[in-house]
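Remarks on the structure that follows.
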Amino acid sequence: MDYSQKMLRDDALKGKTIVITGGGSGLGKAMTSYFMELGAEVAITSRNLEKLENTAKELEAATGGVCLPLQCDVREYEQVEAMLAATVEKFGKVDILLNNAAGNFISPTERLSANAFDTIIDIVLKGSKNCTLAFGKHWIDNKEQNKTILNIVTTYAWTGSAYVVPSATAKAGVLAMTRSLAVEWAKYGIRSNAIAPGPFPTKGAWDRLLPGDLKEKFDLAKKVPLKRVGDHQELANLAAYLVSDFAAYVNGEVITIDGGEWLKGAGQFNLLEAVPEEMWDMLESMIRSKKNNS
Ligand code: HXC
Ligand code: NAP
């Protein structure tokens, strides 16, 4: 099985202009690269302009596409408005907003300063809100139709998770915003969807969530029923589909791509995976014998 294959046909995103926040690294970069291969014009944004410029150069050389690097801290509404204006100035329009930028680190919550908690809420929730509001107002004011917002959340947006409480709190808010606007803005021709990825190795996430030898101690692949982490192309395939016109009737959905990871933690008897095959004969006869005694 080759799950790193590319899914959509050539030119599936031709004519689309896409802004990817946090597009200079990690999953944002992987999605950007595939969007460009599919013919989209893209703008990538984050705080670090030098990183964005290097990524844009690399991806333009690799795909022959156009990539506009724009510095923008999503926490600042004025910067988001300027980023939107620069994108429209370059491409004439924008069709798709991908809210991918995020911040996160692990910590017992009681050790966090108020500012540390705020920092994550500001990047993830306020940042996604700033971009969504600016782009939504722009599309609605200009009566533009067939627009799409895609938000990257996490599976703990609905389960919650210890030790990443600011991130869980913020991602839950982003998910609520996704579903709310899917209904409210559908009348303006704007779709809103989300992807909830499981473990996809990236430097940005994994150095902060599994520092030092935690990577070896907590092998995240072991938590996944499919016994592996995700491949970036698998996520890019899903994102490309959701922002494309092939998904024109998909609205208000959150699609989990985690190999079954979160459900494994949720099912009450899932821990019975640990029972070896040969023990099941014995267990079954023990259970059956209860029927005769009761
Ligand atoms: C406790 C911390 C901390 C830590 C920072 N702070 N790191 N507190 N533990 N490890 C505190 C600081 O002391 C400060 O509070 C406040 O947080 C802000 O810190 P700054 O360094 O000034 O913030 P800033 O420069 O804005 O950087 C933001 C950041 C950083 C979030 C702290 O890590 C970052 O830039 N991250 C971006 C990339 C990222 O995180 N990627 C991962 C996404 S993964 P005080 O009170 O001292 O001022 C993800 C989900 C993955 O989201 C799910 C995987 C399965
Ligand atoms: P990453 O490489 O660290 O990506 C985060 C990006 O956000 C960076 O490019 C960063 O760029 C940008 N960013 C951070 N703060 C910003 C700000 N204030 N303004 C603008 N941009 C900012 O991590 P990743 O793993 O690719 O994560 C991408 C997305 O996937 C995130 O939404 C994350 O929550 C989600 N996710 C990842 C995993 C995983 O296993 N990797 C699992 C579930 C969900 P700068 O530093 O240049 O600003």
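The values are calculated or read from the model by the stated rules, or taken from the named source; none is laboratory data. As the structure is a prediction and not an experimental result, all values here were calculated from the model. We place every Cβ from the backbone using ideal geometry, glycine too, and count neighbours over all the protein chains shown.
When the test is whether a residue is farther than 15 Å from residue 173 by Cα, touching a helix residue (DSSP H, G or I) at 6+ places or on another chain (Cβ under 9 Å) and more than 9 Å from ligand 2 (Cβ to nearest atom), residue 140 passes it. The residues on offer are 61, 86, 116, 101, and the sole one that is out of contact with any Ser or Thr (no Cβ under 7 Å at 6 or more places or on another chain), more than 25 Å from residue 145 (Cβ to Cβ), of a type in the set (Gly, Ala, Ser) and within 16 Å of ligand 2 (Cβ to nearest atom) is 116. When the residues of the range 200-221 are filtered to those that are free of Cβ contacts under 8 Å to residues at least 60 places away in the same chain and among the basic types (Lys, Arg), the one that is surrounded by the fewest Cβ atoms within 10 Å (Cβ to Cβ) is 217.
Taking the range 31-55 on its own, how many of its residues are more than 15 Å from residue 134 (Cα to Cα) and within 13 Å of ligand 2 (Cβ to nearest atom)? So the answer is 15.
May I ask you to verify whether residue 224 is of a type in the set (Val, Ile, Thr) and more than 16 Å from ligand 1 (Cβ to nearest atom)? Considered against the rule, which asks whether it is of a type in the set (Val, Ile, Thr) and more than 16 Å from ligand 1 (Cβ to nearest atom), residue 224 comes out as no. If you go through the range 77-110 and keep only what is within 12 Å of ligand 1 (Cβ to nearest atom) and among the hydrophobic types (A, V, I, L, M, F, W, C), you end up with 101, 102, 105, 106. Exactly one residue among 224, 250, 243 is in contact with an Asp or Glu (Cβ under 6 Å, 6 or more places away or on another chain) and touching a residue at least 24 places away in the same chain (Cβ under 8 Å), and that residue is 224. Any idea how many residues of the range 136-159 are β-branched (Val, Ile, Thr) and loosely packed, with under 15 Cβ neighbours inside 10 Å? Counting residues in the range 136-159 that are β-branched (Val, Ile, Thr) and loosely packed, with under 15 Cβ neighbours inside 10 Å gives 1.
Taken over the range 260-276, the criterion of being in contact with a helix residue (DSSP H, G or I) (Cβ under 9 Å, 6 or more places away or on another chain), over 20 Å from residue 175 (Cβ atoms) and not aliphatic (A, V, I, L, M) is satisfied by 264, 270, 273. Whether any residue in the range 270-291 is within 19 Å of residue 3 (Cβ to Cβ) and among the hydroxyl-bearing types (Ser, Thr, Tyr) is what I want to check. For the range 270-291, residues within 19 Å of residue 3 (Cβ to Cβ) and among the hydroxyl-bearing types (Ser, Thr, Tyr): absent.
Residues are listed down the side, and each one gets a yes or a no for (1) among the basic types (Lys, Arg); (2) at pLDDT 95 or above; (3) within 16 Å of ligand 2 (Cβ to nearest atom):
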site: 169; (1), (2), (3): no, yes, yes
site: 184; (1), (2), (3): no, yes, no
site: 210; (1), (2), (3): no, no, yes
site: 235; (1), (2), (3): no, yes, yes
site: 241; (1), (2), (3): no, yes, no
site: 247; (1), (2), (3): no, yes, no
site: 254; (1), (2), (3): no, yes, yes
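Residues checked against (1) modelled with pLDDT of 95 or more; (2) away from ligand 1 (no atom under 16 Å from the Cβ); (3) crowded, with 19+ Cβ neighbours inside 10 Å; (4) in a helix (DSSP H, G or I):
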site	(1), (2), (3), (4)
12	yes, yes, yes, no
18	yes, yes, yes, no
29	yes, no, yes, yes
34	yes, yes, yes, yes
44	yes, no, yes, no
50	yes, no, no, yes
57	yes, yes, no, yes
60	yes, yes, no, yes
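Taking into account only those residues within the range 111-135 that are more than 11 Å from ligand 1 (Cβ to nearest atom) and hydroxyl-bearing (Ser, Thr, Tyr), which is surrounded by the fewest Cβ atoms within 10 Å (Cβ to Cβ)? Ranking the candidates gives 132 first.
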